[in-house]
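A.B. asks: Here it is: the structure, laid out below.
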Amino acid sequence: MEELSLRVKEITGRETKVIRAQLKRNGVSIYEGNAQSLDPHTVQVQNDTGGTKLEAEQILIASGTRPAHDPEIPFDNQSIIDADHLPGLGQVPREIVIVGAGVVDLEYASFIGGWWVDVVLIDQRSVRIVASLTQSCSSSRIRLDANAIIDG
């Protein structure tokens, strides 16, 4: 699992550098903090150093994501975990069920599947989205379940 933690940090760091370099190369300014839209062309950004009022014809707000926690699912960070806690799991599981088939979910599934761990991806989205992944997953230990419903 230490290898997974290092891989996640490596990928995140590399991708962050690439995106920041592309933005800088294209003349895009980056302001980190909590943003509030004041009107269609004005945003107020608050951070630890204070606030900045930004006015522009076009404003891009890129927000990070965090795993969603349904209050009815008992996350215990041992048998039921989110993506943020997977690197700290401590041992490689024999099998894992990943709910979702987004980019992060697929990255974890492909990486973990390489350890000869049985991986099941469950997603409620259209069969067409998940079916397009079947070809690339068929050669690994990843099984896709489309239109699955998880009922507590």
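The values are calculated or read from the model by the stated rules, or taken from the named source; none is laboratory data. Since the model is a prediction, treat every value here as computed from it, not as a measurement. Counting neighbours? That spans all protein chains shown, and the Cβs are built from the backbone with ideal geometry, glycine included.
A.B. asks: So in the stretch 113-140, with the set limited to residues that are modelled with pLDDT of 80 or more and of a type in the set (Val, Ile, Thr), which one is surrounded by the most Cβ atoms within 10 Å (Cβ to Cβ)?
C.D. replies: The residue in question is VAL119.
A.B. asks: Next up: So, in the stretch 85-96, exactly how many residues are assigned to a loop (DSSP other than H, G, I, E, B) and surrounded by 12 or more Cβ atoms within 10 Å (Cβ to Cβ)?
C.D. replies: Within the stretch 85-96, residues that are assigned to a loop (DSSP other than H, G, I, E, B) and surrounded by 12 or more Cβ atoms within 10 Å (Cβ to Cβ) number 4.
A.B. asks: Would you pick out the residues in the stretch 12-48 that are closer than 25 Å to ASP84 by Cβ, modelled with pLDDT under 90 and assigned to a strand (DSSP E or B)?
C.D. replies: Within the stretch 12-48, ASN34, ALA35 qualify.
A.B. asks: Please state which one of VAL104, VAL45, VAL99 is surrounded by 10 or more Cβ atoms within 10 Å (Cβ to Cβ), among the aliphatic types (A, V, I, L, M) and more than 16 Å from the chain's Cα centre (by Cα).
C.D. replies: Every option except VAL45 fails the conditions.
A.B. asks: Any residue in the stretch 49-60 that is in contact with a Ser or Thr (Cβ under 9 Å, 6 or more places away or on another chain), part of a loop (DSSP other than H, G, I, E, B) and surrounded by 12 or more Cβ atoms within 10 Å (Cβ to Cβ)?
C.D. replies: The answer is yes, given that some residue of the stretch 49-60 is in contact with a Ser or Thr (Cβ under 9 Å, 6 or more places away or on another chain), part of a loop (DSSP other than H, G, I, E, B) and surrounded by 12 or more Cβ atoms within 10 Å (Cβ to Cβ).
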